Amino acid sequence: MEPITGKVWKYGDDVNTDVIFAGKYTYTLTDPDEMAKVALEDLDPEFAPNVHKNDVIVAGSNFGCGSSREQGATVLVYAGVGAVVAKSFSRLFFRNAINAGLPLVQSEEAVAALEKGHEVTVDVENGQVITPSGTFGFPPLPAAVIGIFEDGGLIPHTRKALGIE
């Protein structure tokens with residue numbers, strides 16, 4: 001998997017799934033392009049219109065807490081987010097993100113070193129977050145998980161493995 005390089009969007013602790021993708025859209029928006037237009041709208045109205053492919057969200061503790069709705073992770077993929085680097089993640093969000101093909105990295109040091117607008121590179125295979133002020137390591141992700149990311153999520157990965165692409 002190629003390293004992910006993009007601009008940082010930085011947020012604090014306890015960014016919940018309802019802030020990432022508001023519950024009011026759960027049953028009204030199903031088109032990925034339309035969903036991407038409302039990503040993080042209540043937290044940061046500048047995010048959806050200005051995010052670029054492979055930009056990286058950097059956040060504090062407990063990112064993705066709240067409901068178990070999958071849209072919290074999928075909407076970030078639809079918006080083009082390349083990875084999320086946080087101090088910690090909600091376990092449900094962590095699983096939903098893997099299923100959606102969204103790399104997550106836990107690194108308190110990288111979070112402390114990064115600010116909004118910085119350029120960052122996340123190398124999940126080699127376990128590195130490369131920031132303007134240094135490189136921070138994390139345990140490289142397992143090959144099985146990287147395969148899910150490379151295939152665009154768990155469903156495409158499974159279809160590929162079963163030969164039903």
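Each reported figure results from applying straightforward, stated rules to the coordinates on display, with no laboratory input. Treat the numbers as computed from the prediction; the structure is a model and nothing was measured. Cβ atoms come from the backbone with ideal geometry, glycine included; neighbour counts cover every protein chain shown.
Calculate the FRET efficiency for Glu115 and Ile164 from the Cβ-Cβ distance with a Förster distance of 35 Å, rounded to the nearest 0.05.
For Glu115 and Ile164, the calculated efficiency is 0.20.
Compute the distance in nm between two label points, each set 7 Å from the Cα along the Cα-to-Cβ direction, one at Arg91 and one at Ala48.
Simple spin-label model gives 3.2 nm for this pair.
Near Pro103, within a Cβ-to-Cβ distance under 15 Å, what is the net charge of the other residues, with Lys and Arg +1 and Asp and Glu -1?
For residues surrounding Pro103, the net value is -4.
Looking at (1) -0.55, -0.89, -0.94, -1.18; (2) -0.35, -0.95, -1.03, -1.30; (3) -0.21, -0.76, -0.86, -1.35, which value of log10 I(q)/I(0) by the Debye sum over Cα atoms at q = 0.08, 0.15, 0.16, 0.20 Å⁻¹ comes from a calculation on the structure shown?
(3)
At 7 Å along Cα-to-Cβ for each site, give me the label-to-label distance between Lys37 and Ala144 in nm.
Going by the 7 Å Cα→Cβ label model, 4.0 nm.
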